[in-house]
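Any read-out appearing in this document is the output of simple, stated calculations on the displayed coordinates, not a laboratory observation. Bear in mind the structure is a predicted one, so any value in this text is a computation, not a measurement. Don't worry about glycine lacking a Cβ; one is built from the backbone with ideal geometry, like all the others, and counts go over all protein chains shown.
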Amino acid sequence: MDDLTKLVSNYIAKEYLVEGSEVTETMTLISSGIVDSFSMVPLKRFLEKKCNIKIADACATAEAFDTVQNIVALVRRVQNE
């Protein structure tokens with residue numbers, strides 16, 4: 001697991017799961033109800049601050065935030081723009 005994946009996984013585990021729970025890269029977050037549209041906002045802000053990026057609102061979709069893999073892919077795509 002690379003640093004970005006760890007960063008995202010740890011944030012999600014700390015903010016949205018019961019203590020001691022783990023997040024996998026493919027665990028569904030939005031479609032399973034772990035993350036909702038309201039909690040996506042602080043997650044988006046966290047990513048922008050920690051990764052020094054700006055995620056366009058149009059890119060902050062439920063699909064883009066549904067798994068750690070998708071979130072990491074989004075961050076990397078924005079970093080490469």
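Just to be sure before I move on: is THR67 among the β-branched types (Val, Ile, Thr), surrounded by fewer than 14 Cβ atoms within 10 Å (Cβ to Cβ) and out of contact with any strand residue (DSSP E or B) (no Cβ under 6 Å at 6 or more places or on another chain) in the structure I sent? Lay out the reasoning, then the answer.
Values: among the β-branched types (Val, Ile, Thr): yes; surrounded by fewer than 14 Cβ atoms within 10 Å (Cβ to Cβ): no; out of contact with any strand residue (DSSP E or B) (no Cβ under 6 Å at 6 or more places or on another chain): yes.
Taking the combined requirement at face value, the residue does not satisfy it.
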Does THR26 satisfy being surrounded by 13 or more Cβ atoms within 10 Å (Cβ to Cβ) and among the hydroxyl-bearing types (Ser, Thr, Tyr)? no
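Could you tell me whether any residue of segment 22-31 is under 12 Å from VAL8 (Cβ atoms), of a type in the set (S, T, N, Q) and in a loop (DSSP other than H, G, I, E, B)? Explain how you work it out, then say what you get.
Taking segment 22-31 and keeping what is under 12 Å from VAL8 (Cβ atoms), we get 23-25, 27, 29.
Filter again for of a type in the set (S, T, N, Q), leaving 24.
Now drop any that are not in a loop (DSSP other than H, G, I, E, B), which leaves 24.
Yes, because at least one residue in segment 22-31 is under 12 Å from VAL8 (Cβ atoms), of a type in the set (S, T, N, Q) and in a loop (DSSP other than H, G, I, E, B).
Matching residues to (1) touching a helix residue (DSSP H, G or I) at 6+ places or on another chain (Cβ under 9 Å); (2) buried (at least 17 other Cβ atoms within 10 Å of the Cβ); (3) over 15 Å from THR61 (Cβ atoms); (4) not β-branched (Val, Ile, Thr):
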residue	(1), (2), (3), (4)
SER9	yes, yes, yes, yes
LEU17	no, no, yes, yes
SER21	yes, no, yes, yes
SER31	no, no, no, yes
SER37	no, no, no, yes
LYS44	yes, yes, no, yes
Looking only at segment 50-63, decide whether some residue is within 11 Å of the chain's Cα centre (by Cα), assigned to a helix (DSSP H, G or I) and surrounded by 14 or more Cβ atoms within 10 Å (Cβ to Cβ). no
